[in-house]
Structure formats: C-alpha cells, structure tokens
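Have a look at the structure that comes next, please.
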Amino acid sequence: MHMSDYRGPDQVRTLRRRPRPVQVVAVASGKGGVGKTSVAVNLGTALAQCGRSVMLLDADLGLANIDVLLGLNPVTNLSHVLDGTHTLDEIVVDGPDGLAIVPASSGISRMTGLSIREQAGIIQAFSEFGRELDYLIVDVAAGISAEVATFCSASQQVLVVVCDEPASLTDAYALIKVLSRQYGVSRFQILSNMVDHATHGHELFRKLQLVCDRFLDVNLAHLGSIPRDELVRSAIQRQKPVVSAYPGAPASRAFKKLAQSADNLPVPAGNSGRIEFFVERLVGAGVTPAMAVGLGD
C-alpha cells in the first residue's frame with residue numbers, strides 16, 4: 001500500500017521504522033509567499049501520520065509562522081535551552097499527529113556565536129533528548145541570510161519551495177547559487193507548490209534546472225508538486241495542517257506522496273545517527289553575515 005492511499009490518522013500506519021541516521025531536511029525558499037512553512041508543517045505531519053518520529057524546528061526568527069499555523073502559544077523556546085534553564089524535552093510542544101515542535105526564538109541566531117562551553121551545553125541538550133527521531137525538519141526563513149545558510153549547510157537535504165511567479169524562480173536561483181558557491185551545498189530537492197497540474201509542476205522545475213545547469217555545478221531533483229487547493233486556506237483558518245483537517249483533499253494526497261518521496265531519499269554516507277551531529281555542524285559552521293550578502297555572478 002502506498003502513502004497516497006492513506007485516508008486518515010486512524011488508518012494503519014504504512015511506513016515501517018528502520019534503523020538509520022536522523023534525516024535533517026531544511027525547507028527553504030528564495031522569497032516569501034510561496035507556502036514554505038505550510039510545506040514544512042504538512043510534510044512533517046504526513047511523515048508523523050505514517051509512523052515516523054519527526055521534530056519540526058521553527059528557524060524563521062522574523063515570522064514564527066508555525067505558531068500561527070497551528071494555533072500554538074509556547075511559553076518557552078530554544079533560548080531557554082541555550083541559557084540552561086530548560087531541557088529540550090521541556091520546551092518541545094506536541095503538535096498534530098505526534099509531531100514534535102521546537103518553537104522559534106532569537107536563540108537560533110546565537111547558534112553560530114556560542115562559546116565553547118555553550119556549544120558543549122547545547123550539543124549535550126540535544127544528545128539527551130528523550131525521543132529517537134527519524135526526521136528533523138527545519139523551517140528556515142525565506143531568502144538568504146547567515147542563519148539560512150548555516151541551517152541549510154548543516155542539513156542532509158535542502159528542499160527549495162518554488163511557485164509560478166518570476167520572482168520565486170529568480171530568487172530560488174539566487175539562493176541555490178549562494179549556497180553552492182559560498183557554502184558548498186551541491187544537492188537540492190525542488191518542490192513546486194500551488195500548481196495547476198503535475199505537468200505544470202515539472203515545467204517550473206525544468207525552468208529552474210535549465211538556468212542552474214547553465215551557470216552552476218549543482219544537482220537538482222524534482223521531489224514533487226503540490227496542487228493549488230482552497231482547502232489549504234481553509235485548514236490554515238482552522239489552524240491545522242491540511243493533511244489532518246482534510247485528509248482526502250488533493251493537496252493532502254500530494255503531501256502524503258511527497259512524504260513517501262522524502263522517506264526514500266538516501267541519507268548521505270558518513271553521517272552520525274544522532275541529532276547532536278546536526279547541532280555540532282550547526283554551531284561549528286562559523287558562518288558570518290558577510291559571507292551571505294553578496295550574490296555576485
């Protein structure tokens with residue numbers, strides 16, 4: 001049975017848990033307004049519905065849209081872990097269908113400027129997290145900044161969300177260019193969002209792929225397409241993921257298919273199986289804002 005046949009959270013979960021490293025997926029976009037956070041929330045929820053253990057880290061400092069999308073009012077966040085007043089278990093908020101959520105906080109911007117003692121403390125905090133994770137999904141801010149580059153370069157997979165707007169494709173190319181040329185990220189997964197049909201999604205991907213193939217040394221793959229669906233807007237108004245609020249909706253079926261595709265992505269060789277490996281890469285990145293500002297040619 002395929003995940004596209006899944007009809008709701010009460011149905012038997014289809015994915016068998018298998019031992020493997022935590023897959024860290026950064027969900028990014030060249031510009032705002034393309035549905036990036038909705039993609040992160042629904043992808044995480046779809047994976048959780050099917051038996052994967054998933055944590056969603058809200059790394060968008062400016063908007064903290066995950067709180068809004070899910071109607072959350074967290075009183076603690078990552079800054080309290082950095083300060084040593086709370087453990088990671090204590091700040092995590094339980095989301096829909098078992099999705100674990102780390103609320104956004106200004107503490108994320110400190111992750112590359114920690115002292116040696118603070119680095120050891122945050123790595124220890126993540127190593128002591130009480131849940132074995134299959135996925136850590138990181139919802140980064142739109143555009144390119146030091147924080148976006150740091151999270152993307154520390155992740156195993158970078159999922160770039162695009163839609164049918166010239167600025168979306170142009171800014172996605174700029175994001176990919178900076179990440180590839182200045183941060184050594186060479187592989188990108190592309191998701192076409194709010195498309196009219198599957199062919200439309202492939203057309204958007206091909207436009208981006210053609211310009212990247214011409215000017216950049218990167219590997220792009222089309223992970224899938226999400227159709228334009230008014231039920232997504234209705235789910236947002238209800239402050240629920242569309243895969244939970246309307247499991248039979250066209251967008252929900254597409255997100256479940258996307259989760260299946262994401263679950264089949266290989267984990268790059270040599271990565272540790274625990275979440276603190278990601279944190280070690282994050283705090284040790286040494287990224288400076290000056291590295292992220294020039295788009296160049």
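Counting alpha carbon pairs within less than 8 Å and at least 6 residues apart, what relative contact order, in whole percent, applies to the range 19-285? Show your work: numbers first, answer last.
On the way: 519 pairs, mean separation 73.5, N = 267.
28 percent.
If you take the C-alpha gyration tensor of the range 39-108, multiply each eigenvalue by 5 and take the square root, what semi-axes do you get, largest first, in whole Å? It would help to have the intermediate numbers written out before the result.
Values: eigenvalues 84, 37, 17 Å².
Here the semi-axes work out to 20, 14, 9 Å.
A further question follows. Computed FRET efficiency, Cβ-Cβ of R238 and E165, R0 25 Å: what is it to the nearest 0.05? Intermediate values should be presented prior to the final figure.
Values: r = 26 Å, r/R0 = 1.05.
Efficiency, from the Cβ-Cβ distance: 0.40.
Which of the aspartates and glutamates could a cross-linker span from K177 if the Cα-Cα distance has to be under 12 Å and same-chain partners fewer than 8 positions apart are dropped?
Reachable aspartates and glutamates: D213, D217, D297.
A further question on this structure: Which of D229, D60 comes first, and how do the rest follow, when ranked by fewest Cβ neighbours within 10 Å?
On the way: D229 18, D60 23.
Fewest to most other Cβ atoms nearby, the residues stand as D229, D60.
Also: Set the Förster distance to 22 Å, then compute FRET efficiency between Q124 and L72 from the Cβ-Cβ distance, nearest 0.05.
Details: r = 26 Å, r/R0 = 1.19.
The formula returns an efficiency of 0.25 here.
Counting Lys and Arg as +1 and Asp and Glu as -1, what is the net charge of the other residues whose Cβ lies under 14 Å from the Cβ of K36? Present the calculation step by step, with values, prior to reporting the outcome.
Values: positive: K31; negative: D58, D60, D139, E165, D171.
Residues close to K36 contribute a combined charge of -4.
Under the √(5λ) rule applied to the eigenvalues of the Cα gyration tensor, what semi-axes describe the equivalent ellipsoid of the range 19-285? Give them in Å, descending.
27, 22, 16
Which lysines, if any, have their Cα less than 19 Å from the Cα of K256, not counting same-chain residues under 8 positions apart?
K36, K240
Now for a different question. Reachable aspartates and glutamates from K257, Cα under 14 Å, same-chain residues fewer than 8 places away excluded?
Within the straight-line cut-off, K257 pairs with D5.
Since every read-out is calculated from the coordinates, none of them should be taken as a lab result. Note that this is a predicted model, so its numbers are computed, not measured. Note: ideal-geometry Cβ built from the backbone for every residue, glycine included; neighbour counts use all protein chains shown.
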